[in-house]
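The values are calculated or read from the model by the stated rules, or taken from the named source; none is laboratory data. Worth saying up front: this structure is predicted, and the values here are computed from it rather than measured. Here the Cβ is made from the backbone with ideal geometry for all residues, glycine too, and neighbour counts use every protein chain on show. In case anyone asks, the SASA skips ligands and DNA or RNA and just uses the protein heavy atoms, side chains included. Shrake-Rupley method; radii C 1.70, N 1.55, O 1.52, S 1.80 Å.
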4 protein chains.
Amino acid sequence: MTTETTPRLRADARRNRDRIITAAQAVFTERGTEVPMEEVARTAGVGVGTLYRRFPDRDSLIRAVAHDAFDTVLQDTRATIEQEPDAWRALSQIMHRGMALRTVVRLTVLSTRARSIINSDPNTEAVNNEFLLLVDGLVRRAQADGALRDDISTGDIAVLSSLALQGVQSLPEELRNLAPARYIAVLLDGLRAQNSRPLPGRPITAQEVVVRTPERED
Amino acid sequence: MTTETTPRLRADARRNRDRIITAAQAVFTERGTEVPMEEVARTAGVGVGTLYRRFPDRDSLIRAVAHDAFDTVLQDTRATIEQEPDAWRALSQIMHRGMALRTVVRLTVLSTRARSIINSDPNTEAVNNEFLLLVDGLVRRAQADGALRDDISTGDIAVLSSLALQGVQSLPEELRNLAPARYIAVLLDGLRAQNSRPLPGRPITAQEVVVRTPERED
Amino acid sequence: MTTETTPRLRADARRNRDRIITAAQAVFTERGTEVPMEEVARTAGVGVGTLYRRFPDRDSLIRAVAHDAFDTVLQDTRATIEQEPDAWRALSQIMHRGMALRTVVRLTVLSTRARSIINSDPNTEAVNNEFLLLVDGLVRRAQADGALRDDISTGDIAVLSSLALQGVQSLPEELRNLAPARYIAVLLDGLRAQNSRPLPGRPITAQEVVVRTPERED
Amino acid sequence: MTTETTPRLRADARRNRDRIITAAQAVFTERGTEVPMEEVARTAGVGVGTLYRRFPDRDSLIRAVAHDAFDTVLQDTRATIEQEPDAWRALSQIMHRGMALRTVVRLTVLSTRARSIINSDPNTEAVNNEFLLLVDGLVRRAQADGALRDDISTGDIAVLSSLALQGVQSLPEELRNLAPARYIAVLLDGLRAQNSRPLPGRPITAQEVVVRTPERED
DNA sequence: TATGAATGAGGTTTCATTCAT
DNA sequence: GATGAATGAAACCTCATTCAT
């Protein structure tokens with residue numbers, strides 16, 4: 001759980017807040033963002049009342065969960081870049097670090113609602129943009145190095161990774177954690193410069209993956 | 001719309017049935033399997049009553065939509081195999097023919113509920129199994145031809161294609177149809193025999209992607 | 001089925017009408033007057049359309065069933081009186097002739113709705129009144145004969161018989177037909193002049209059991 | 001309202017629960033077990049939500065009402081037996097104490113649904129069985145005393161009393177409360193040993209009036 | 001005329017959110 | 001501050017009735 005822009009909270013209140021976000025993250029990832037609020041509360045081990053005191057409505061909870069997840073990913077990405085000077089390898093690692101992203105993916109790829117909530121939250125958007133900026137740097141460097149194919153851009157990579165990481169509930173338990181790693185690996189093979197059968201369409205940039213469409217529920 | 005096991009319906013009833021399935025397919029794909037039934041009915045241009053007369057509950061509607069979609073995919077696959085003797089190319093085409101699969105993907109990848117409904121419908125399962133069998137044949141042939149990497153199996157390909165085809169709502173309209181084609185292409189590049197950085201884990205077979213987990217709601 | 005005030009009907013229409021009344025009688029007796037109209041139609045072996053062509057709404061069906069039943073009872077009563085000169089014995093027989101009354105009882109004792117429908121049907125009311133008049137004659141004669149206790153009147157007897165005849169669904173099949181006969185017999189024993197522990201309250205007359213309260217649903 | 005097997009409820013919740021049962025009892029007795037839940041809620045002065053929180057569906061409400069009513073009857077019966085050493089007189093009193101039984105009667109005699117619900121509730125069945133056991137004791141004693149006719153058994157008496165107590169909605173207000181007392185009295189006269197014209201059929205025992213028929217709606 | 005399909009009003013049930021304890 | 005009870009709006013589903021075939 002990362003430091004938030006929330007005032008100062010009493011220790012126990014703080015603890016409750018964290019338990020709720022953790023629970024919401026798990027429940028949202030598992031069963032979607034439409035689960036009954038009672039269920040989130042139960043999972044967090046608090047009463048609904050407490051949940052609502054902390055997050056006045058579902059949207060604000062989704063927002064908090066998203067912000068927290070994006071933030072974690074951002075930290076992670078920063079650390080990786082710092083430690084790995086090779087752009088391609090840094091990119092690979094980031095794409096593989098899956099789990100931290102799972103929640104974001106469920107939130108952004110699967111739920112129209114979550115998407116529009118997130119997109120209208122300047123707080124989260126800032127974090128997200130900074131993350132995309134970092135990846136964008138890696139992408140350009142990797143392409144300059146001749147490691148990454150040229151007909152691709154940051155947006156493509158963001159979408160592809162999220163898809164691969166999304167995971168597939170329908171696989172047997174044993175494979176559920178295995179699969180994402182395999183698919184990221186296949187993708188990486190497909191992304192290498194030397195494999196290039198030219199791609200159809202045109203590169204999707206970082207800017208293009210952030211939308212603000214205020215669409216309906218998912 | 002494919003011929004169903006339904007008794008015989010009066011012409012108008014038949015027409016309505018088809019309109020409902022078409023509408024449900026669109027709406028489910030667009031907004032998930034939990035949309036209000038009223039909305040499905042409205043989209044189909046019929047009253048709720050009619051919807052319920054034809055499909056006594058949501059599950060039975062999902063089942064019908066799934067069966068129909070699987071069936072379409074199966075026809076498609078058969079036709080492709082017949083016309084394209086080269087296994088790799090046939091596989092590529094099948095993976096690209098996207099749209100027909102979109103609904104199935106939304107249903108199976110995204111909705112726990114749909115999954116468990118489909119898995120308990122022998123009718124649909126049969127169709128699905130036949131489809132996987134055909135793909136399995138192609139996969140083996142393509143591997144024997146040295147076109148497809150060896151450390152992959154039919155299950156992987158099924159999952160990967162569905163992920164890539166799933167499409168991403170958050171992209172701007174213009175890109176929404178473009179993206180899947182690009183990602184399938186990247187994947188195919190990643191799947192070629194010559195690119196093989198060995199993959200982690202082990203191949204996921206056709207059998208493994210069919211589950212019967214009777215899980216909770218999505 | 002008795003002759004009705006309905007115009008002249010084609011033979012097959014007539015037949016349908018009768019089948020519907022018979023079916024409705026059975027179904028109403030078995031499951032109450034609120035059964036789905038479809039079920040009445042199905043039992044009668046006709047489509048709902050036909051049912052509605054004959055009886056434009058549920059009320060009119062209830063009315064027809066009630067009239068038919070009352071009428072049957074009336075015929076029966078007349079015949080009994082003609083053949084049995086002894087008032088007490090005639091009364092006993094009438095009270096025992098149960099089955100014909102079953103439907104009326106379900107309709108009048110159990111369903112507020114049926115009651116108010118029947119009570120606002122002059123046609124049926126006439127038949128009912130005539131029946132009560134006949135019974136009233138027997139009651140007075142039996143009392144004059146010293147066979148029937150004095151502190152009782154026709155209304156009491158009507159109510160008591162209907163209660164006893166009502167039958168009890170919850171009894172095992174074998175007893176279901178047995179029970180009414182027993183209870184009528186107990187009642188008759190209780191009604192004999194010689195047993196008289198004086199009754200509380202006052203006699204309930206024939207007039208009092210016909211109400212026109214337009215009450216709510218049952 | 002009697003003490004229930006419910007965990008422990010907050011004072012206000014407890015109060016609401018009781019109000020709901022009381023209201024349901026009244027409304028069920030008055031208009032049958034199929035009244036809109038909204039109406040039960042309105043009568044109890046709570047929102048539907050509250051009703052559903054306490055009783056997740058109609059069945060569970062019916063069950064609670066039935067249990068409560070049976071329990072009241074049981075208490076009553078125990079008290080009567082304790083205070084009245086003469087079996088016949090105790091039996092008479094029990095049969096007369098009507099009102100407490102009214103609800104049970106409506107529930108068991110009139111509604112197929114209620115019957116099957118009650119019969120599948122071990123909780124209620126236990127209470128009911130204990131009640132029948134007590135009555136059975138009285139019946140045997142009264143017969144040994146030569147006060148009660150011999151060709152009758154507990155089941156008959158249970159059924160007869162419920163019928164007589166059932167009351168008749170169609171009577172004018174003034175008579176509605178009067179009638180049951182009269183009919184119980186007639187019955188008692190019919191049940192006395194000295195009046196015995198032998199009854200048709202055979203005695204219906206206590207065991208026979210408890211059924212488990214899982215029948216359809218009423 | 002008979003049929004069974006279509007409609008929509010109304011009852012049922014769930015759950016987000018508010019509020020008393 | 002935390003809890004869980006109460007509320008009511010909104011979704012679900014059934015069925016009386018109408019109407020095309």
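Take the Cβ atoms of D:Asn129 and D:Arg19, set R0 to 22 Å, and the FRET efficiency comes out at 0.15.
Per-atom-type breakdown for chain D gives carbon and sulfur 51% of the accessible area (1.4 Å probe, protein chains only).
On the rotation that sends chain D to chain B, the chain D Cβ lying closest to the axis gives residue and distance in whole Å as D:Asp57, 9.
About its Cα centre, the dipole of the protein assembly as shown is roughly 400 debye, where the only charges are +1 on Lys and Arg Cβ and -1 on Asp and Glu Cβ.
Between copies, B:Pro122 shows label-point distances of 3.5, 6.2, 6.4 nm, shortest first, with the point placed 7 angstrom from Cα along Cα to C-beta. In chain A, the longest principal axis of the Cα atoms and the axis of helix A:58-83 are about 40 degrees apart. Computed with a 1.4 angstrom probe on protein heavy atoms, the D-C interface buries about 4600 square angstrom of accessible area in total. Over all pairs of different C-alpha atoms in the range C:65-209, the reciprocal of the mean inverse distance, the Kirkwood hydrodynamic radius, equals 15.7 Å. With a 1.4 Å probe rolled over the protein heavy atoms of all chains, the accessible area of B:Thr72, B:Thr112 falls in the order B:Thr72, B:Thr112, largest first. With its label point defined 7 Å out from Cα along the Cα-to-Cβ axis, C:Arg14 lies at 4.0, 7.1, 9.4 nm from the matching points of the other copies, in increasing order. Based on the Kirkwood approach, the hydrodynamic radius assigned to the range B:104-162 is 12.6 Å, with every pair of different Cα atoms included. Most fluctuating residue of B:Gly167, B:Gly45, B:Gly98 in a GNM of chain B with Cα springs under 10 Å: which is it? Its mean-square fluctuation being the largest, the pick is B:Gly45. Just so you know, the Cα atoms of the protein assembly as shown work out to an Rg and Dmax of 38.0, 123 Å. Between the Cα long axis of helix B:87-96 and the first principal axis of chain B there is an angle of about 40°, rounded to the nearest 10.
When the protein assembly as shown is described by a simple charge dipole with +1 on each Lys and Arg Cβ and -1 on each Asp and Glu Cβ, the residue from A:Val27, A:Thr103, C:Val135 located farthest towards its positive end is C:Val135. Label-point distances for A:Asp86 to the equivalent site in the other copies, using a point 7 angstrom along Cα→C-beta, read 3.3, 10.8, 11.7 nm when ranked shortest first. Each eigenvalue of the Cα gyration tensor of the range B:1-150, multiplied by 5 and square-rooted, gives one semi-axis; in descending order these are 33, 15, 13 Å. For chain B, the longest principal axis of the C-alpha atoms and the axis of helix B:11-31 are separated by about 50°. Based on the convex hull around the alpha carbon atoms, the range B:124-192 presents an average projected area of 5.4 nm². Each principal axis of the Cα cloud of the range C:38-88 was evaluated for its coordinate range; sorted largest first, these ranges are 49, 19, 14 Å.
The heavy atoms of D:Ser161 present about 10 square angstrom of accessible area, all protein chains included, probe 1.4 Å. For the protein assembly as shown, the solvent-accessible area works out to 43 Å² per residue, with a probe of 1.4 Å and every protein chain left in place. Spin-label model, D:Glu38 to D:Tyr52: label points 7 Å out along the Cα-to-beta-carbon direction sit 1.3 nm apart.
Label the range B:82-133 by shape, choosing from rounded, prolate and oblate, from the square roots a ≥ b ≥ c of the eigenvalues of the Cα gyration tensor; if a/c is under 1.5 it is rounded, and otherwise prolate applies when a/b is larger than b/c, oblate when it is not. Oblate is the answer for the range B:82-133, as a/c is 1.5 or above yet b/c matches or exceeds a/b.
Overall shape of the range A:9-56 was characterised from the C-alpha gyration tensor. The equivalent ellipsoid obtained from it has semi-axes of 18, 11, 8 Å, in decreasing order.
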